[in-house]
Amino acid sequence: MQLHSTAFSSAVQALLDDPNVIVLGTIPSPDVHQIPTVEAIRARADTIIVDVQPSNRDYLPQLVHEQITWMLHDAHAAVGVAQKMKLAERYLQEPQRVQFILQTDDCFEVAFKGDHGTYKIKKVSGGNPQCECKFFQSNNTCIHVMMLKMMRVH
(Lines give C-alpha, C1' and ligand atoms only; values in the text may rest on other atoms or scores of the structure.)
Protein backbone atom coordinates (compact mmCIF):
# COMPACT_ATOMS: atom_id res chain seq x y z
CA MET A 1 0.00 0.00 0.00
CA GLN A 2 2.95 2.37 0.55
CA LEU A 3 3.48 2.54 -3.21
CA HIS A 4 0.10 4.26 -3.53
CA SER A 5 1.05 6.91 -0.94
CA THR A 6 2.19 10.26 -2.37
CA ALA A 7 4.31 10.96 0.73
CA PHE A 8 6.05 7.57 0.48
CA SER A 9 6.64 7.93 -3.27
CA SER A 10 8.13 11.41 -2.76
CA ALA A 11 10.45 10.12 -0.02
CA VAL A 12 11.61 7.24 -2.23
CA GLN A 13 12.18 9.60 -5.15
CA ALA A 14 14.29 11.90 -2.94
CA LEU A 15 16.45 8.96 -1.85
CA LEU A 16 16.87 7.73 -5.43
CA ASP A 17 17.86 11.22 -6.59
CA ASP A 18 20.51 11.62 -3.86
CA PRO A 19 23.90 10.74 -5.39
CA ASN A 20 25.24 9.87 -1.91
CA VAL A 21 22.67 7.14 -1.26
CA ILE A 22 22.50 3.57 -2.53
CA VAL A 23 19.02 2.08 -2.27
CA LEU A 24 18.52 -1.68 -2.20
CA GLY A 25 14.92 -2.73 -2.42
CA THR A 26 12.37 -4.98 -4.01
CA ILE A 27 9.62 -4.04 -6.41
CA PRO A 28 6.72 -6.06 -7.77
CA SER A 29 6.98 -7.70 -11.15
CA PRO A 30 5.41 -5.73 -14.01
CA ASP A 31 3.48 -8.92 -14.82
CA VAL A 32 1.75 -8.70 -11.44
CA HIS A 33 1.25 -4.96 -10.82
CA GLN A 34 1.52 -1.82 -12.96
CA ILE A 35 2.16 0.98 -10.46
CA PRO A 36 3.37 4.34 -11.86
CA THR A 37 5.90 4.90 -9.06
CA VAL A 38 7.41 1.45 -9.62
CA GLU A 39 7.51 1.85 -13.38
CA ALA A 40 9.31 5.20 -12.97
CA ILE A 41 11.92 3.48 -10.78
CA ARG A 42 12.26 0.63 -13.27
CA ALA A 43 12.88 3.13 -16.11
CA ARG A 44 15.74 4.96 -14.35
CA ALA A 45 19.16 4.58 -16.00
CA ASP A 46 20.80 4.16 -12.58
CA THR A 47 18.51 1.33 -11.48
CA ILE A 48 19.52 -2.30 -11.57
CA ILE A 49 16.57 -4.66 -11.87
CA VAL A 50 17.29 -8.31 -11.28
CA ASP A 51 14.52 -10.79 -11.86
CA VAL A 52 15.02 -13.46 -9.20
CA GLN A 53 14.49 -16.95 -10.59
CA PRO A 54 15.36 -20.41 -9.29
CA SER A 55 18.17 -20.50 -11.87
CA ASN A 56 19.88 -17.32 -10.61
CA ARG A 57 19.00 -16.94 -6.94
CA ASP A 58 22.09 -18.73 -5.60
CA TYR A 59 24.63 -16.28 -7.06
CA LEU A 60 22.66 -13.07 -6.43
CA PRO A 61 23.86 -12.29 -2.87
CA GLN A 62 27.51 -12.37 -3.95
CA LEU A 63 26.78 -10.36 -7.08
CA VAL A 64 24.77 -7.71 -5.20
CA HIS A 65 27.56 -7.42 -2.62
CA GLU A 66 30.16 -6.91 -5.37
CA GLN A 67 28.07 -4.28 -7.12
CA ILE A 68 27.38 -2.29 -3.95
CA THR A 69 31.07 -2.45 -3.01
CA TRP A 70 31.96 -1.22 -6.49
CA MET A 71 29.47 1.66 -6.28
CA LEU A 72 30.76 2.68 -2.85
CA HIS A 73 34.26 3.08 -4.30
CA ASP A 74 33.02 5.22 -7.19
CA ALA A 75 30.09 7.57 -6.58
CA HIS A 76 29.47 7.85 -10.33
CA ALA A 77 29.46 4.11 -10.97
CA ALA A 78 25.74 3.46 -10.41
CA VAL A 79 24.73 4.10 -14.02
CA GLY A 80 27.64 2.02 -15.31
CA VAL A 81 26.84 -0.82 -12.93
CA ALA A 82 23.20 -0.82 -14.00
CA GLN A 83 24.19 -1.00 -17.65
CA LYS A 84 26.75 -3.76 -16.97
CA MET A 85 24.22 -5.81 -15.00
CA LYS A 86 21.67 -5.58 -17.79
CA LEU A 87 24.33 -6.62 -20.27
CA ALA A 88 25.40 -9.53 -18.03
CA GLU A 89 21.79 -10.73 -17.87
CA ARG A 90 21.63 -10.62 -21.67
CA TYR A 91 24.96 -12.40 -22.03
CA LEU A 92 23.75 -15.10 -19.65
CA GLN A 93 21.16 -16.02 -22.28
CA GLU A 94 23.97 -16.44 -24.84
CA PRO A 95 26.33 -19.13 -23.44
CA GLN A 96 27.93 -19.57 -26.86
CA ARG A 97 29.94 -16.43 -26.07
CA VAL A 98 32.17 -18.48 -23.73
CA GLN A 99 34.74 -20.89 -25.12
CA PHE A 100 36.87 -22.87 -22.70
CA ILE A 101 40.51 -22.98 -23.75
CA LEU A 102 41.78 -24.76 -20.63
CA GLN A 103 40.01 -26.11 -17.57
CA THR A 104 41.29 -28.08 -14.58
CA ASP A 105 39.92 -28.52 -11.06
CA ASP A 106 40.96 -25.07 -9.85
CA CYS A 107 42.20 -23.22 -12.95
CA PHE A 108 40.69 -22.13 -16.21
CA GLU A 109 41.19 -19.96 -19.25
CA VAL A 110 38.28 -18.90 -21.41
CA ALA A 111 37.76 -16.75 -24.46
CA PHE A 112 34.75 -14.50 -23.98
CA LYS A 113 33.23 -12.96 -27.09
CA GLY A 114 31.75 -9.62 -26.05
CA ASP A 115 30.00 -7.03 -28.20
CA HIS A 116 33.29 -5.15 -28.68
CA GLY A 117 35.83 -7.94 -29.03
CA THR A 118 37.04 -11.22 -27.62
CA TYR A 119 38.78 -11.22 -24.25
CA LYS A 120 40.70 -13.90 -22.38
CA ILE A 121 39.81 -14.54 -18.76
CA LYS A 122 42.17 -16.60 -16.63
CA LYS A 123 41.93 -18.00 -13.14
CA VAL A 124 44.91 -19.63 -11.49
CA SER A 125 44.84 -21.88 -8.44
CA GLY A 126 43.69 -19.96 -5.37
CA GLY A 127 43.12 -16.74 -7.31
CA ASN A 128 40.20 -14.80 -8.70
CA PRO A 129 39.32 -14.58 -12.39
CA GLN A 130 41.32 -11.90 -14.24
CA CYS A 131 40.15 -10.40 -17.54
CA GLU A 132 42.36 -8.68 -20.08
CA CYS A 133 39.76 -6.02 -20.94
CA LYS A 134 40.47 -2.36 -20.11
CA PHE A 135 37.48 -2.05 -17.80
CA PHE A 136 38.75 -4.89 -15.59
CA GLN A 137 42.20 -3.33 -15.38
CA SER A 138 40.78 -0.18 -13.76
CA ASN A 139 37.88 -1.67 -11.77
CA ASN A 140 39.00 -5.20 -10.84
CA THR A 141 35.74 -6.51 -12.26
CA CYS A 142 33.98 -6.43 -15.61
CA ILE A 143 30.98 -7.73 -17.47
CA HIS A 144 32.94 -10.76 -18.66
CA VAL A 145 33.88 -11.86 -15.13
CA MET A 146 30.34 -11.07 -13.88
CA MET A 147 28.87 -13.29 -16.56
CA LEU A 148 31.21 -16.18 -15.67
CA LYS A 149 30.18 -15.83 -12.04
CA MET A 150 26.54 -15.89 -13.07
CA MET A 151 27.26 -19.06 -15.03
CA ARG A 152 28.85 -20.36 -11.81
CA VAL A 153 32.25 -20.67 -13.46
CA HIS A 154 34.70 -19.58 -10.79
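Could you list, in sequence order, all residues of region 121-131 that are surrounded by 14 or more Cβ atoms within 10 Å (Cβ to Cβ) and out of contact with any His (no Cβ under 9 Å at 6 or more places or on another chain)? Passing the criteria: Lys122, Gln130. If I ask for residues that are touching a residue at least 40 places away in the same chain (Cβ under 8 Å) and over 19 Å from Gln67 (Cβ atoms), which ones from region 104-154 would you list? The answer is Phe108, Val110.
Residue-wise test of (1) surrounded by 10 or more Cβ atoms within 10 Å (Cβ to Cβ); (2) of a type in the set (Asp, Glu).
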position	(1), (2)
Asp31	no, yes
Ile41	yes, no
Asp46	yes, yes
Ile49	yes, no
Val52	yes, no
Met85	yes, no
Arg97	yes, no
Glu109	yes, yes
Phe112	yes, no
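Per this entry, Phe136 is counted among residues that are surrounded by 15 or more Cβ atoms within 10 Å (Cβ to Cβ) and out of contact with any Lys or Arg (no Cβ under 8 Å at 6 or more places or on another chain).
Take Leu72 and tell me if it is under 21 Å from Lys149 (Cα atoms) and modelled with pLDDT under 80.
When the stated conditions are applied, Leu72 passes them.
Let's see how each residue does on (1) small (Gly, Ala, Ser); (2) closer than 25 Å to Ile22 by Cα:
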{"residue": "Lys84", "(1), (2)": "no, yes"}
{"residue": "Ala88", "(1), (2)": "yes, yes"}
{"residue": "Ile101", "(1), (2)": "no, no"}
{"residue": "Thr104", "(1), (2)": "no, no"}
{"residue": "Phe108", "(1), (2)": "no, no"}
{"residue": "Lys120", "(1), (2)": "no, no"}
{"residue": "Phe136", "(1), (2)": "no, yes"}
{"residue": "Met146", "(1), (2)": "no, yes"}
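Every residue, every condition in (1) outside any loop (DSSP other than H, G, I, E, B); (2) outside the structural domain of Gln130 (by TED's automatic domain parsing); (3) hydroxyl-bearing (Ser, Thr, Tyr), yes or no:
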residue: Leu3; (1), (2), (3): yes, yes, no
residue: Ser10; (1), (2), (3): yes, yes, yes
residue: Arg57; (1), (2), (3): no, no, no
residue: Trp70; (1), (2), (3): yes, no, no
residue: Ala111; (1), (2), (3): yes, no, no
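The values are calculated or read from the model by the stated rules, or taken from the named source; none is laboratory data. Here the structure is a predicted model, which is why all the values come from computation and not from measurement. Ideal geometry is used to build each Cβ from the backbone, glycine not excepted, and the neighbour counts take in all protein chains shown.
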